[in-house]
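Here's the structure we're looking at; comments come further down.
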Amino acid sequence: MSKIKVAELFYSIQGEGRYMGVPSVFLRTFGCNFRCQGFGMPQGELSQEAINIDPTQYKTYDELPLVSTGCDSYASWDPRFKDLSPLMDTDAIAEAIVDTLPHKEWRDEHLVITGGEPLLGWQRAYPDLLEHPRMAELKEITFETNGTQALSPEFSQYLKNWNNKDWTREVTFSVSAKLPCSGEKWSDAIQPEVVAGYQDVGYVYLKFVVATDKDVQDAILAAHEFKKAGVDVPVYLMPVGGVESVYSMNNRAVAIKAMDLGYRYSDRLQVPLFKNAWGT
């Protein structure tokens, strides 16, 4: 039986991207290849906000403070917080997922597998999870990925079979490729060939987090790089902001930029609705 290190598992509405507003179960896996310390910081500077949080003072995710700069899900990848994320077997995860649903069965809800980076280390475990009897009626899965982790041949084939099993299922890849404003290097973060492989399996879209005109220009350039590699998919712009004070400063401006460019706009509904609290 496979196991996955689970940072969070909760029921909420999807706040971003294609399925915005859809009731969803979020499975947040532990571990990421990026830190994204640049979000909300002046260009070239990296946030120390999460680094300054003492992990010994907290016993659960719900107790952790939110951050206004850097990665807003910092505890899902920072090794200092790894003890808050239990290693669970896939049977227990499947039971816990369905138990969060309002009717204790799949109806209109979909599953969001996020992180961290959910494709980094757990691809071999997902088939065990999805084949659990309590997951049989699930119809829609979204992988929220940074787009740098290629699908293994085995997992790619599994998802193709799952996707086409009865022609009512769909796999989506929400690719939040990291721009320089994240603090990550372009050469590490923009991987069009990797994302092109996702198109063999399911629906793909790009989602860029932006705040300034420079960020928007970087998003345009990145979208062009993806398109050259055959990733000609919908592009969303989404405002920076893990807390409401930052989010509300630029959400309208980002929406207008998206309109001007013919891109889609993604809100971050979890911020105004739930203050981006853990478990939302």
Seminar exercise, completed: Mean-square fluctuation maximum in Gaussian network of the chain, Cα pairs under 10 Å, restricted to S85, S182, S248, hits S248
Problem set entry | Alpha carbon centroid spacing (whole Å) that separates region 48-104 from region 217-280 | 24
For this session: For each of M41, M20, M1, count neighbouring Cβ atoms within 10 Å of the residue's Cβ, then give the residues from fewest to most.
Result: M1, M20, M41
Problem set entry | Calculated [θ] (222 nm, deg cm²/dmol) that DSSP helices of n ≥ 4 give over the chain, each run adding -39,500 (n - 2.57) | -8000 deg cm²/dmol
Exercise. Where is the GNM fluctuation largest for the chain (alpha-carbon springs, 10 angstrom cutoff): D267, D54, D91?
Worked result: D54
Seminar exercise, completed: Comparing A136, A125, A219 in a Gaussian network model of the chain (Cα, 10 Å), the one with the largest mean-square fluctuation is A136
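Residue separation times 0.36 nm, minus the C-alpha to C-alpha distance between A255 and L66: what's the value? List each step's numbers first, then the result.
Working: separation 189, 0.36 × 189 = 68.04 nm, distance 2.45 nm.
Result for the pair: 65.6 nm of gain on full extension.
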Seminar exercise, completed: Going residue by residue through region 58-63, the Karplus relation 6.51 cos²θ - 1.76 cosθ + 1.60 with θ = phi - 60° gives ³J(HN,Hα) values, rounded to whole Hz and with x marking Gly or Pro, of 10, 10, 9, 4, 4, 7
For this session: Report the FRET efficiency, 1/(1 + (r/R0)^6), for I220 and S248, where r is their Cβ-Cβ distance and R0 is 22 Å, rounded to 0.05.
Result: 0.35
Problem set entry | Surrounding net charge for S2, when Lys and Arg each add one and Asp and Glu each subtract one, Cβ distance under 15 Å | -3
For this session: Quickly work out the M1-to-Q43 label distance, labels modelled 7 Å from Cα along the C-beta direction, and quote it in nm with one decimal.
Result: 5.3
For this session: Could you tell me which Cys residues in the chain have no other cysteine's Cβ under 4.7 Å from their own Cβ, answering none if every one has a partner?
Result: C32, C181
Exercise. Remind me, relative contact order of the chain in percent, using alpha carbon pairs under 8 angstrom and six or more residues apart?
Worked result: 21
For this session: Go through region 4-9 residue by residue and turn each phi into a ³J(HN,Hα) via Karplus (6.51, -1.76, 1.60, θ = phi - 60°); whole Hz please, and just put x for glycine and proline.
Result: 9, 7, 9, 6, 9, 9
For this session: Quote the relative contact order of region 166-244 in percent (integer), defining contacts as alpha-carbon pairs under 8 Å separated by 6+ residues.
Result: 34
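None of the figures in this text is laboratory data; all of them are computed from the coordinates on show. In this text the structure is predicted, and so the values were computed from the model without any measurement. Reconstructed Cβ throughout: ideal geometry from the backbone, glycine too, with neighbour counts over all protein chains shown.
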